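Taking it in order: structure first as structure tokens, then the write-up.
The values are calculated or read from the model by the stated rules, or taken from the named source; none is laboratory data. Only a predicted model underlies this, so the values are computations on that prediction, with no experimental measurement involved. Here the Cβ positions follow ideal geometry from the backbone for every residue, glycine too, while neighbour counts run over all protein chains shown.
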Amino acid sequence: MIESGNNAALSTRLLARNNQITLTSGLAPKYLQANLIILPSRFASDFLLLCHRNPVPCPLLASSRTPGSATALKSHLPGISDAAIASALDICTDVPLYMVYDDGKLVKSHCSDIAKEWTDDHVAFLIGCSYSFEAALTAAGLPPRHTVMGRNVPMYATNIPLCAAGVFTGGTYVVSMRPYRNADVEKVRELTRPYVSTHGEPVAWGWDAVERLGIKDINAPEFGDMPLDLDPADDEIVPM
């Protein structure tokens, strides 16, 4: 969350640090939100290249200033200083929940902190999150359904390939989905388009797009919560 001084972004991170929240959708509406990826330093340069080659699905906001640094970030946003990225930050505690993988296998789920897992060899990367444009949608009278219902946004693996980089090969886009009326599609695109640091406008929309993206079941997302009251037979409400 890009910020300065005491503000809603810092307050939100403190809530996470104190285990008082599990989701950040709808919080700190005037700030960019980020997804967190932490890797051993030997993979850092390849992952940086992956982000550069895939700026839409992997928009890089910041990374650890040096390996092992959990409290100081380097900005990757033009015109944004390192100091403006996040104040009083601790990567190990300031995310509501963490997922820990070892050799590609999930070994710990929904951890409240990773203080014991963090080492001097780790590098953190902050990737822009689509939660960042939800406040703009809400202000325009188009609140995402999952925010109204207090749920997490559904996310799906797709068949859109990522451009490979070093050891990172064979990856595909993961897309989030927000249902809207057909009549609102162009407005949603217009509102989200400027948010290039957090994915920008939808890559696809409409029921035909579900098949094109290789999504087998709209009601069975790989990540997040299952969408509610979404019917493929309803042409009035479409996924975006």
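Some notes on this structure:
- Counted residues, the range 195-240 - those being in contact with a Leu (Cβ under 9 Å, 6 or more places away or on another chain), more than 21 Å from ASN182 (Cα to Cα) and not in a helix (DSSP H, G or I): 1
- Test: MET240 is buried (at least 18 other Cβ atoms within 10 Å of the Cβ), among the hydrophobic types (A, V, I, L, M, F, W, C) and over 27 Å from LEU48 (Cβ atoms): yes
- Residues that are of a type in the set (A, V, I, L, M, F, W, C) and out of contact with any Asp or Glu (no Cβ under 6 Å at 6 or more places or on another chain), drawn from the range 74-92: LEU77, ILE80, ALA83, ALA84, ILE85, ALA86, ALA88, LEU89, ILE91
- For the criterion of being in contact (Cβ under 8 Å) with a residue 60 or more places away in the chain and either among the small types (Gly, Ala, Ser) or touching a Lys or Arg at 6+ places or on another chain (Cβ under 6 Å) (or both), ASP90 fails.
- The range 19-37 residues that are in the same structural domain as ILE114 (by TED's automatic domain parsing), paired with ones that are of a type in the set (Asp, Glu) (beta carbon under 6 Å, 6 or more apart): TYR31/GLU3
- Where ALA209 falls short, out of the listed (1) more than 26 Å from GLY150 (Cβ to Cβ); (2) of a type in the set (A, V, I, L, M, F, W, C); (3) without any contact (Cβ under 8 Å) to a residue 12 or more places away in the chain: (3)
- Residues within the range 91-112 that are among the acidic types (Asp, Glu) and more than 23 Å from GLY26 (Cβ to Cβ), tallied: 2
- Scan the range 171-188 for residues that are surrounded by 15 or more Cβ atoms within 10 Å (Cβ to Cβ) and assigned to a helix (DSSP H, G or I) and the total you get is 4.
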